[in-house]
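Values in this text are rule-based calculations from the coordinates and carry no lab data. Keep in mind that this is a model prediction, so the values were computed, not measured. Cβ placement follows ideal geometry from the backbone for every residue including glycine, while neighbour counts extend to all protein chains displayed.
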Amino acid sequence: MTPDIDALARWPFDTEAWPRIGLVGALLVATLPLVVPGVLLGGYAVRVLRADAGDDPLPRFTDLRALAGTGVRTAGVVAAYHLPAVALVAVGTRGAASASMLLQWEALVRFGPSAVGRLPGLASLAGAVGVGLLGAALLPLCGYASTVAVTAYADTGDATDAFAVGRLRRRVFSVATLRAWLLASLAVIGSGVAAFLVAAATTPVPGVGRVVTAAVRFYGLVVGLAVWNVARPALADDEADASGVEGGERAMTRSRSAST
């Protein structure tokens, strides 16, 4: 389904409480390095995924206990899916630092100060850098898979569905799902560019620029989630595909039984 970007861009402003919601969201984004704001934003993202953009009003930051509980489960899903890439980046970075130091010491010990730039130990350094680059390349893929997983949790309310490998595999390798994720990513990237321009324009005003920039980023997050929610394949379509596959497998089993 092709989303109406203009309607989705106006959707947050259709809610009367948008200024208050936007202010709270901006404060959370501005303090995102802290743990609690990130957890609350994760819970709020799930609320947006459960809303029908255009028909339902923009969710509010109410019932903070439930919001935090949802956010903790969401953060756990995201962390689990990013763990392989983050581990590779960490191993590669640490290995590159160790190999670089070893390279310098080898050069000093074997060849003297004039040979610091020579290449002993280069293989270990190249391997560590390769591992780190592999992890960095996997980060977008992990982000894509975690988006699909969090959406599965938002659809059913059961966090275990975020790790249902068979069903998620069909969604992850769906062209329609990838297209929806790319469209949502463009919306988020566009808001990031706008936030950068706003930050540059509001630099002379101390304190205001950071809040306004965070508000733009929060708005981009909401619109990106709305675009993803509208463009992605519906859960019913996924279940229909799964039932079709299971029906085909059962038919093949019956035909094999009859032939024997």
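When each of the peptides 141-154, 186-199, 43-56 is scored by the mean number of other C-beta atoms lying within 10 Å of its residues, the order from highest to lowest reads 141-154, 43-56, 186-199. Given their separation in residues at 0.36 nm each and the Cα-Cα distance between them, L139 and S98 gain 12.4 nm when the chain is fully extended.
If you take the beta carbon distance between D6 and A200 as r and set R0 to 30 Å, what does 1/(1 + (r/R0)^6) give as a FRET efficiency, to the nearest 0.05?
Values: r = 26 Å, r/R0 = 0.87.
Efficiency for this residue pair is about 0.70.
Work out the FRET efficiency for R65 and S124 from their Cβ-Cβ distance, taking R0 = 35 Å, and round it to the nearest 0.05.
Details: r = 50 Å, r/R0 = 1.43.
For R0 = 35 Å, the calculated efficiency reads 0.10.
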